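The values are calculated or read from the model by the stated rules, or taken from the named source; none is laboratory data. As the structure is a computational prediction, the values presented were derived from the model and not from experiment. Ideal geometry is used to build each Cβ from the backbone, glycine not excepted, and the neighbour counts take in all protein chains shown. Ligands, DNA and RNA are excluded from the accessible area calculation, which covers all protein heavy atoms including side chains. Shrake-Rupley method; radii C 1.70, N 1.55, O 1.52, S 1.80 Å.
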Amino acid sequence: AVSAGCYAECVRIKSEAMRQTEQRVERMMNMILEWIVSFTREYYFKQHKRQDYQGDQAIESATQYCQQLCLYIKRVSSSMRERVEEALADPWLHHLAIRMLHAIMHDLLKRSVVSESGALALLRDAQLYCTLIPREIAPNNAHLSFVYGACLKDLSRIFMVRLEAVRAVVQEGGLASVDLKLLLPFIAARADVKATPRLMNKYFPDYYTGM
């Protein structure tokens, strides 16, 4: 018969081994997700960003990269689901969806140069991402599409009005609860501000300190 002390020690060793295995799997999955997001940003978003959203040809090129990125997202999702059990894959795909949506918010809206005509195309592409990514990567978390879609719609209005009207826009709706300092990089991505940076000092002198 196994003594109580030996049994407890076996349980402890088994628990520790499982804990270490879970940690290794978690580290490995985090590395995989980080690689996917990094590759997406380095290749697809970098190409996307080079086009910007001003001028008919640039807008058309940006939309083509949007379509390529959508196909890539579908391949990533299918590949992970083929190789990992659904119960195990879902939490990681949920994290991947959030990180990719964050990357889109940062890399496309903050860094692209956007004209008034390009704002509609940017909104269309961004909303496509917000619909596609939750559907393909995290179908059990449909609220992601609503949350990010609403945020993108609010942010896109920054590019759709005259610069003198932007302060009023950011004081309405969902943006009203956001510190204006956090919105300045989006305002600075407007094509008119990119062309004439001193406009930021003119319209936002109490917040803008240079970027």
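List the residues of region 157-193 whose backbone N lies under 19 Å from a point placed 7 Å from the Cα of residue 147 along the Cα-to-Cβ direction.
Under cut-off, by backbone N: 174-179.
Considering only lysines 8 or more places apart in sequence, or on different chains, count the pairs in the chain whose C-alpha atoms sit under 29 Å apart.
Step by step, the pairs that qualify in the chain add up to 23.
Can you figure out the FRET efficiency of residue 194 with residue 32, using R₀ = 45 Å and their beta-carbon distance, to the nearest 0.05? Show your work: numbers first, answer last.
Numbers: r = 36 Å, r/R0 = 0.80.
It comes to 0.80.
Within region 66-134, list the GluC sites (Glu not before Pro) lying in a DSSP loop whose Cβ has at most 11 other Cβ atoms in a 10 Å radius.
On the way: sites: 82, 85, 86, 116; in loops: 85.
Listed in order of number, the matching sites are 85.
Near the amide H of residue 54, under 5 Å away, which other amide H atoms are found, from residues 5 or more places off or on another chain, if H is placed in the peptide plane?
Under 5 Å from the amide H of residue 54: 59, 115.
Taking 30 Å as R0, compute the FRET efficiency from the Cβ-Cβ separation of residue 19 and residue 83 and round it to 0.05.
Working: r = 24 Å, r/R0 = 0.80.
For residue 19 and residue 83, the calculated efficiency is 0.80.
Identify which of the listed values of volume of the Cα convex hull per residue in Å³ was calculated from the structure shown: (i) 157; (ii) 112; (iii) 141.
Computed from the coordinates, volume of the Cα convex hull per residue in Å³ corresponds to (i).
How far is the Cα center of region 133-153 from the Cα center of region 54-124, in Å?
A separation of 12 Å, based on Cα centres.
Write down the accessible area per residue of region 80-174 in Å², having rolled a 1.4 Å probe over the full set of protein chains.
Accessible surface, normalised per residue, equals 48 Å².
Between residue 138 and residues 5 or more places away or on another chain, which pairs have amide H atoms under 5 Å apart, with H built 1.01 Å from N, and which residues are they?
Result for residue 138 returns nothing.
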